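Worksheet: the structure to be examined is printed underneath.
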């Protein structure tokens, strides 16, 4: 009875461990005794070995509360052009910071006119970042960071 109570405890510990993946072993030695552990049995000491790998729970990989709140209240849209090096820099900046965003390609005249209207008229520039109702033209990391910070987005993923 004691051995069977140990297995769930070991499995829980393995699943809750902070490492990305853990391995748990169950083996039966030559005398028929069952063992559990995080290390494989010594060579030729076991007649039956079971190995199980466990990864971190999905909750550990879920977005933080702050990120979910910011995303709900201030969605992020990135307006890009085709073959645009600055657009790639902006995209990389958002990905590095862990910001979920919707990417919108501005290619046709209708899309350019729609972006011009969204920007309040004037020159259309890509990349442009929209955070909630606020927009920043062109890629400037400090300006984008300020918009994202003001919206409550975390500074790091």
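What follows is calculated from the coordinates using simple rules that are stated; it is not laboratory data. It should be emphasised that the depicted structure is a prediction, and the values quoted were computed from it without experimental measurement. Cβ placement follows ideal geometry from the backbone for every residue including glycine, while neighbour counts extend to all protein chains displayed.
Can you tell me the length gained on complete extension of the stretch residue 102 to residue 149, counting 0.36 nm per residue apart and subtracting the Cα distance? Walk me through the numbers before you get to the answer.
Values: separation 47, 0.36 × 47 = 16.92 nm, distance 1.80 nm.
Extra length available between residue 102 and residue 149 comes to 15.1 nm.
Quick one: if you stick a label point 7 Å off each Cα along the C-beta vector at residue 88 and residue 31, how many nm between them?
6.5
Which Rg and Dmax, in Å, describe the Cα atoms of segment 27-129?
For segment 27-129, the Cα-based Rg and Dmax read 26.6, 83 Å.
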